[in-house]
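Below is one structure, written out as structure tokens; comments come after it.
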Amino acid sequence: MTRTAAATAGFRRRRNKALWTGLLFISPWLAGFLLFQLYPILMSFYYSLSEYNLFSDPEWVGLQNYKDLFGDSKFYLSLYNTVYITVFGLLPHLAFALGMALLLNMSVRGQAVYRTIYFLPTLVPAVASSLLWMWLLNAQYGLVNELLGAIGLVEPNWLVDPAWTKPALVLMGFWGTGTQTVMYLAALQDVPKVFYEAAEIDGAGRWSRFRHITLPAISPMTLFLLVIGLINSFQYFTQGLIFAEASQSVGGPENSLLFYAIYLYQTAFSFLNMGYASSMAWILCVIVFGLTLLIFRSSARWVYYGGEK
């Protein structure tokens, strides 16, 4: 064996040893991924093409679940409720978080205290905060209606009137924007101050500096929060389910709180129609994937990265 061949064989042995060592280290994650993620994903797709109720073997029905789904009025209603909470919840909450981040980024005495106080509600579990807001929004003795009445505004029946149940959830959502605010705050502190100084010398006002410097500089963070918020909004569940308890029904008054994830949960674990629920899950996956892809495609027009020219 020549010296070159021996060196090549030695390199291959070391490479194979490194490969197996790496596989050994990631084997716990790999086993978990195959068993608890990939396998359920594949089985849910199979169940979406079957009639399955947990107590009998799956019966192949092809695309019948999807056909039934597109003829289901509750499917469209739950999708509408979810789109409502996404459009009227996600975008205003991001705008509010950005506004609070701008305030908390100001150099004032007690800045750390203000930041801590503002972030504290984010640490409250979703169930606890939902129960708290059910008390605040109570039509008879809730603090929100007392404040509205004191200034002469309409006092809605937040928890019972179908026209006000979703706005109630949107209002509650402002309570938990601490995480988005902190992330926006980190993005704001990463904007080079030299940009503001140069713009100020050129006579740019506050609005011009915000529009032409701040917004483009933090646009990558906006993109991240928009995508994550979109995914979370289409999985909106806990708050809607807790609020619906006020009307003693899963979907709330006139199903105004029947969000997509709640309807999916109801179909799977109340009606035990796992095949139909699996088809709902795959439709949700396609919708979220499509909207996420659309956002990424459009991001080239409004997201700015510092290294780009």
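A few points about this structure:
- Dimensions (Å) - region 1-149, Cα atoms, principal axes, largest first: 93, 60, 26
- As a fraction of the 1.4 Å probe accessible area of the chain, surface on carbon and sulfur atoms comes out at 67 percent.
- Cα-centre dipole for the chain with unit charges at Cβ (Lys and Arg positive, Asp and Glu negative), debye to 20: 1880 debye
- The Rg/Rh ratio for region 180-309 is 1.18, where Rg is the radius of gyration of the alpha carbons and Rh is the Kirkwood radius.
- Accessible area (Å², per residue) of region 126-215, counting only protein heavy atoms and a probe of 1.4 Å: 59 Å²
- Convex hull (Cα only) mean projected area of the chain, reported in nm² to one decimal: 27.5 nm²
- Ratio Rg/Rh, restricted to region 150-223 and using Cα atoms, in which Rh is the Kirkwood radius: 1.23
- Each 10 Å bin from zero up to the one holding the largest Cα-Cα distance in region 46-109 carries the following percent of pairs: 18, 22, 21, 16, 13, 8, 3.
- Per-residue accessible area (protein heavy atoms, 1.4 Å probe) orders H93, H212 as H212, H93, starting from the largest.
- Point-to-point label distance, S270-I201, nm (Cα→Cβ direction, 7 Å offset): 6.5 nm
- Once both labels are positioned 7 Å from their Cα atoms along Cα-to-Cβ, the gap between F210 and L153 label points is 2.1 nm.
- For the pair F119 and T8, a Förster radius of 45 Å applied to the C-beta separation gives a FRET efficiency near 0.20, rounded to the nearest 0.05.
- Whole-Hz Karplus values for region 294-304 come out as 5, 5, 5, 5, 7, 5, 4, 8, 9, 9, 10 Hz, taken residue by residue from phi with 6.51 cos²θ - 1.76 cosθ + 1.60 and θ = phi - 60°; glycine and proline positions read x.
- Max mean-square fluctuation residue, GNM over the chain, Cα-Cα springs under 10 Å, options W60, W282, W29: W29
- Most fluctuating residue given options E245, E200, E146, as computed from a GNM of the chain linking Cα atoms under 10 Å: E200
- Amide H contacts under 5 Å for E51, placed H, 5+ residues apart: E59, W60, V61
- Cβ-derived FRET efficiency at R0 25 Å, F296 paired with V83, nearest 0.05: 0.80
- Per-residue [θ]222 nm for the chain (sum of -39500 (n - 2.57) over DSSP H runs n ≥ 4, rounded to 500): -20000 deg cm²/dmol
- Full extension of the chain between F237 and S107 gives 43.0 nm of extra length, using 0.36 nm per residue less the Cα-Cα distance.
- Projected onto their three principal axes, the Cα atoms of region 83-159 cover extents of 41, 32, 27 Å, largest first.
The values are calculated or read from the model by the stated rules, or taken from the named source; none is laboratory data. Computed from a predicted model, the values in this text were never measured in an experiment. Note that each Cβ is placed from the backbone with ideal geometry, even for glycine, and that neighbours are counted across all protein chains shown. Note: areas computed on protein heavy atoms with side chains; ligands, DNA, RNA excluded. Shrake-Rupley method; radii C 1.70, N 1.55, O 1.52, S 1.80 Å.
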